[in-house]
Amino acid sequence: MNRAEPMFEFSAADLHHWVKNIDGITGITISGGEPFEQDPEALFDFLARIKGDPSPLSVMCYTGKLLSELQNDPNVSSILNYIDILVDGSYQHELNDGHKWRGSSNQTIYALNDQFTEEIQNAKGDLERELEIEITQNMGLEITGIPEKGFLDKLKLKLQSNGYNIF
């Protein structure tokens, strides 16, 4: 559901400055495209800055790669030290089981440190998802989160029934 073309480019320092000045957040989520196809030095630098702040934010990351692949890749394995929760495995629509933190049942949720182990255990059966839907200036929709099965079809029908053209 994300655009394939680049939208904005930030240096690690500029992105860190922007994020740390957002009021009221306790963590960040890094998701697709594929986070580990970004420049590993820039991703490492950004996360080291986030975790190095006096009151560090938590970091959750979604990847289509497997944890074992990342641990064995010398270019990205050190990045894992700055991630609190990792969801690995490629999203498979037919396995979308409604879990709160993962898109499909083939994905695994890992606590990469002790801070979130209990929270992950408590969320195992949680099927309450949240989506953020933003209407852009050019009347497009940007959706953040993992929609339930059939969500996009239902949304399209609802918009069409209210007179909106869907491309």
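Quick notes on this structure:
- Sequence-distant contacts, meaning Cα pairs under 8 Å at least 6 residues apart, place the relative contact order of the chain at 14 percent.
- For the chain: accessible area per residue (Å², 1.4 Å): 68 Å²
- Expressed as a whole percent, the accessible area of the chain that falls on carbon and sulfur atoms is 49 (1.4 Å probe).
- Distance between modelled label sites at S78 and S105, nm, 7 Å Cα→Cβ extension: 4.0 nm
- Each Lys and Arg adds +1 at its Cβ and each Asp and Glu adds -1 at its Cβ; summed about the Cα centre, the chain shows a dipole of about 480 debye.
- Considering only region 1-126, percent of DSSP beta bridges that pair antiparallel, nearest 5: 35 percent
- Distance between modelled label sites at E142 and E69, nm, 7 Å Cα→Cβ extension: 2.7 nm
- Within region 32-59, backbone nitrogen closer than 12 Å to the virtual label 7 Å beyond the Cα of N113 toward Cβ: 48-59
- Partner lysines for K158 [C-alpha distance under 27 Å; skip if fewer than 8 residues away on the same chain]: K100, K149
- Cα-based helix-to-principal-axis angle, 40-52 vs the chain, degrees rounded to 10: 80 degrees
- Compared with the alpha-carbon gap, the fully stretched path from E34 to K158 is longer by 41.6 nm at 0.36 nm per residue.
- For peptides 77-84, 148-155, sequence by mean Cβ density within 10 Å, most packed first: 77-84, 148-155
- Relative to the longest principal axis of the Cα atoms of the chain, the long axis of helix 151-161 lies at roughly 30 degrees.
- Seen from K156, the other residues with C-beta closer than 15 Å to its C-beta sum to a net charge of +1, counting Lys and Arg as +1 and Asp and Glu as -1.
The values are calculated or read from the model by the stated rules, or taken from the named source; none is laboratory data. What you see is a predicted model, and the numbers here were worked out from it, not measured in a lab. Quick reminder, even Gly has a Cβ in these numbers, built from the backbone with ideal geometry, and neighbours come from all protein chains shown. Accessible surface is based on the protein model in full, side chains and every heavy atom, while ligands, DNA and RNA are left aside. Shrake-Rupley method; radii C 1.70, N 1.55, O 1.52, S 1.80 Å.
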